[in-house]
Amino acid sequence: MMGDMTQLGSLMAAVMFVWAIFRQLFPDEFQRDVRKYVNKVVSYVYPYVEITFHEYQVDTWFERSKAFVSIERYLSTNSSNRAKRLKANVVRDCESVVLSMDDYEEVTDEFRGIKIWWTSSKSIPQQRAFFSYRGDDEKRYYRLTCKREHRDIITKVYLQHVLDEGKAIEVKTRQRKLYTNNKSEKWSGYRRTMWSHIIFEHPSTFDTLAMDPKKKKEILDDLMMFSKSKEYYKKVGKSWKRGYLLYGPPGTGKSSMIAAMANLLEYDIYDLELTSVKDNTDLRKLLIDTSSKSIIVIEDIDCSLDLTGQRKEKKEESKEEEKDPVKKAEEEKDKKNKGSEVTLSGLLNFIDGLWSACGSERLIVFTTNFLEKLDPALIRRGRMDKHIELSYCCFEIFKVLAKNYLDLESHDLFSTISRLLEETKMTPADVAENLMPKSFEENAESCLNKLIQSLENAKEEARLKAVEDARIEAEEEAAKKIEQNGEKVQEIDAKLGDGGGKKADQDTGMLQVTDAKENGVITA
């Protein structure tokens, strides 16, 4: 036994000596050629196929490979039960711990009776770079190993199964986010920060949303139909997106409606601030950087930019510029100093142009308090497909609020409240504020009485305002009549000439003119 070990040690020493001599005598190019042919020979007798998935690809060096991420999620469901060494990751603002297989660990998977081996590994360069864009030089990768006879099934069926499962796990476990766009100056550098985000945790749902039940069901059906119509949109040749226009007075629940939509469909929200966008080109870049399964929101679009006025004809604009060159120079100066140069045309292309088809399964939502201010081209069907009016509180909306805030479905005071809601206008936000208890001593009945008092006060204020408006209107009408009569006096005086004397009675509307020469009386 000792003799065999001595011979084996001598053989290994001889091989290492020959290899060292070989490396010194032959250049690196020759060694690579030799290694290539050796690997080719080994591949004929090696019964396995290996596929490597790197964490970063050359064309997306600063962004993780989507295939690598999907494989990581897929293996995380099995590695916690089979792997011996695990890595634990805790997502920010998340209490659960996500386990995945550690480096240099191997797990097995089975698909249609075929055994597959997955290995997690990384390559570390011999010399560390002084500076790395990604913070490290380690190149992580997953390696799949299977038998050669199963190659077609693995490459054509199994890998697609792994990617699909990984995406499904992402949708199920992901934390939804609320994004807002940064100013264009922050987009430079390798860490693009077009959008900043926080975890989206708004509690609004369609169950708590205060609106008419019939209208609520209509919106729910529309949203669910959209989420399941991928093939239908493809069939009719349209991008898989839908526009919603929410309009109505302030405090009617437009923002709560958006949050309820996101919670129902489990979408992210991109809150687009147009005043922070430099021009139409940057607007397109922001659109490209959004993900699918998202809601792109522009709130109070009538106040965002000067996109609401009527568009002038080119001929009229050219005439004005020719007449007033000073004004033209001032407008050009203001344009340079303006923070945003997004135009109505750019916004229309953003919503419904060619670039809008770069993603899928998106909702685009506009909100406004003044529908009449918006350009008709901006809200036409096909861009804003569904118009939803959120108006003042009615009795049906009040019952939803009473259930939410006071756990009441009926009360003796409901009839009084119903009558007052028909006689005056109050937003759901104001009704909810009156229904919310402000102290531990308040109960449901006291909150209802408080609401009744507020409705009566609002009714009285509306009556006084109507009386005041009527008085102002009457005064304006009387002043208008006096002005018209004064114009008639001047017209008759001009016809009679300077030789006559005149006396006007503006209260009766009769004008008497006396001729000094003939002492006659003329009545007009």
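The values are calculated or read from the model by the stated rules, or taken from the named source; none is laboratory data. Because the structure is predicted, anything quoted here is derived from the model rather than measured. We place every Cβ from the backbone using ideal geometry, glycine too, and count neighbours over all the protein chains shown. For accessibility, only protein heavy atoms count, side chains too; no ligands or nucleic acids. Shrake-Rupley method; radii C 1.70, N 1.55, O 1.52, S 1.80 Å.
When ASP407 is tested against (1) among the acidic types (Asp, Glu); (2) within 15 Å of ILE296 (Cα to Cα); (3) modelled with pLDDT of 85 or more, just one condition goes unmet, and that condition is (2).
Can you find, within segment 423-446, the residue that is nearest to the chain's Cα centre (by Cα) among those that are farther than 13 Å from ALA458 by Cβ and of a type in the set (D, E, K, R)?
Residues of segment 423-446 that are farther than 13 Å from ALA458 by Cβ, as a first pass: 428-429, 432, 435-446.
Applying the additional criterion that residues be of a type in the set (D, E, K, R) yields 438, 441-442, 445.
Numbers: LYS438: 35, GLU441: 42, GLU442: 40, GLU445: 41 Å.
The selected residue is LYS438.
Starting from segment 203-227, take each residue that is over 26 Å from LYS177 (Cβ atoms) and open to solvent by 30 Å² or more (accessible area, probe 1.4 Å) and list its partners that are not in a loop (DSSP other than H, G, I, E, B) and not hydrophobic (A, V, I, L, M, F, W, C), counting only C-beta distances under 8 angstrom and pairs at least six apart or across chains. Here the result reads ASP212/GLU396; PRO213/GLU396, each pair linking segment 203-227 to a residue that is not in a loop (DSSP other than H, G, I, E, B) and not hydrophobic (A, V, I, L, M, F, W, C). Considering segment 171-188, and only residues there that are open to solvent by 60 Å² or more (accessible area, probe 1.4 Å) and assigned to a loop (DSSP other than H, G, I, E, B), the residue that is modelled with the lowest pLDDT turns out to be SER188.
State which residue is farthest from LYS215 (Cα to Cα) when the search covers only segment 255-290 and only residues that are in contact with a Gly (Cβ under 7 Å, 6 or more places away or on another chain) and of a type outside the set (A, V, I, L, M). Reasoning before the result, please.
Of segment 255-290, the ones in contact with a Gly (Cβ under 7 Å, 6 or more places away or on another chain) are 275, 280, 283, 290.
Subset that is of a type outside the set (A, V, I, L, M): 275, 280, 290.
On the way: THR275: 33, ASN280: 36, THR290: 30 Å.
Applying the filter and picking the extreme gives ASN280.
Considering only segment 272-305, state which residues are within 11 Å of the chain's Cα centre (by Cα) and surrounded by 17 or more Cβ atoms within 10 Å (Cβ to Cβ). Matches in segment 272-305: LEU272, LEU286, LEU287, THR290, LYS293, SER294, ILE295, ILE296, VAL297, ILE298, GLU299. Of all residues in segment 443-459, those that are closer than 11 Å to THR416 by Cα and touching a residue at least 12 places away in the same chain (Cβ under 8 Å) have Cβ atoms under 7 Å from Cβ atoms of residues that are among the hydroxyl-bearing types (Ser, Thr, Tyr) and not in a helix (DSSP H, G or I), 6 or more apart or on another chain, in LEU455/THR424.
Going through (1) part of a helix (DSSP H, G or I); (2) at pLDDT below 65; (3) hydrophobic (A, V, I, L, M, F, W, C) one by one, ILE472 falls short only on (2). Under the condition of being at pLDDT below 75, of a type in the set (Gly, Ala, Ser) and either open to solvent by 90 Å² or more (accessible area, probe 1.4 Å) or part of a helix (DSSP H, G or I) (or both), the residues counted in segment 45-97 number 2.
For every residue, the table says whether it meets (1) modelled with pLDDT of 90 or more; (2) basic (Lys, Arg).
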site: ALA444; (1), (2): yes, no
site: CYS447; (1), (2): yes, no
site: ALA458; (1), (2): yes, no
site: GLN484; (1), (2): no, no
site: LYS495; (1), (2): no, yes
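Can you pull out every residue in segment 365-381 that is open to solvent by 20 Å² or more (accessible area, probe 1.4 Å) and assigned to a loop (DSSP other than H, G, I, E, B)?
The first filter runs over segment 365-381 and keeps only residues open to solvent by 20 Å² or more (accessible area, probe 1.4 Å), leaving 369-373, 376-377, 379-381.
If the condition is that a residue be open to solvent by 20 Å² or more (accessible area, probe 1.4 Å) and assigned to a loop (DSSP other than H, G, I, E, B), then ASN369, PHE370, PRO376, ALA377, ILE379, ARG380, ARG381 are the ones that fit.
For GLY243, the conditions (1) open to solvent by 30 Å² or more (accessible area, probe 1.4 Å); (2) under 30 Å from CYS393 (Cβ atoms); (3) not in a helix (DSSP H, G or I) are fulfilled apart from (1).
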